[in-house]
1. May I ask you to give the solvent-accessible area per residue for the chain, in square angstrom, as obtained with a 1.4 angstrom probe?
2. Find, among the chymotrypsin sites (Phe, Trp or Tyr not before Pro) in the chain, those assigned to loop by DSSP (not H, G, I, E, B) with at most 15 other beta-carbon atoms within 10 angstrom.
3. With labels modelled as points extended 7 Å from the Cα through the Cβ direction, what inter-label distance (nm, one decimal) is found for Lys31 paired with Ser63?
4. Among the lysines, select those whose C-alpha is under 23 Å from the C-alpha of Lys23, and discard any that sit fewer than 8 residues away in the same chain.
5. May I ask you to list the GluC sites (Glu not before Pro) in the chain that are in a DSSP loop and have at most 11 other Cβ atoms within 10 Å of their Cβ?
6. Comparing Gly61, Gly30, Gly49, which has the greatest mean-square fluctuation in the GNM of the chain with Cα pairs linked when under 10 Å apart?
7. Quick check: the angle from helix 37-48's long axis to the longest principal axis of the chain, C-alpha only, nearest 10 degrees?
8. Rounded to the nearest 500, what is the chain's calculated 222 nm mean residue ellipticity when only DSSP H runs of at least 4 contribute -39500 (n - 2.57) each, over all residues?
Amino acid sequence: MDVEAVAEGLLAPPCEQIFARDKSEELPLGKPLRLHFHQREALRTAKSGANYVLTTGTGSGKSLAYIVPTVDHVVRHG
């Protein structure tokens, strides 16, 4: 996951491995997934507890903008 988002405290450290991409035998932890601006802003908004609607083009990662904050919450709070 986005290393900067973890360092900034937007994401719990385990999210870095949960959302890593291209996992393989050579890279068991995978490569960090970088968030787009709209995904990072959605994460900030969700973390504040505010409701949000995200509108952007097809294939731009809208699903991650909803899934990542949900998983982060579960990782932090069970």
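The values are calculated or read from the model by the stated rules, or taken from the named source; none is laboratory data. Small disclaimer: the values here were computed from a predicted structure and weren't measured. FYI the Cβ positions are ideal-geometry reconstructions off the backbone, even for glycines, and counts take in every protein chain you see. Heads up: the accessible areas ignore ligands, DNA and RNA and are worked out on the full protein's heavy atoms, side chains in. Shrake-Rupley method; radii C 1.70, N 1.55, O 1.52, S 1.80 Å.
1. Numbers: 5020 Å² over 78 residues.
Heavy-atom accessible area per residue stands at 64 Å².
2. On the way: sites: Phe19, Phe37, Tyr52, Tyr66; in loops: Phe19, Tyr52.
Those satisfying the criteria are Tyr52.
3. Going from the Lys31 label point to the Ser63 one covers 2.0 nm.
4. Within reach: Lys31, Lys62.
5. On the way: sites: Glu4, Glu8, Glu16, Glu25, Glu26, Glu41; in loops: Glu8, Glu25, Glu26.
In loop regions of the chain (DSSP not H, G, I, E or B), the sparsely surrounded GluC sites (Glu not before Pro) are Glu25, Glu26.
6. Highest fluctuation of the listed residues: Gly49.
7. So the inclination is approximately 70 degrees.
8. Numbers: 4 runs with 38 residues, N = 78.
The helix contribution divided over the chain gives -14000 deg cm²/dmol.
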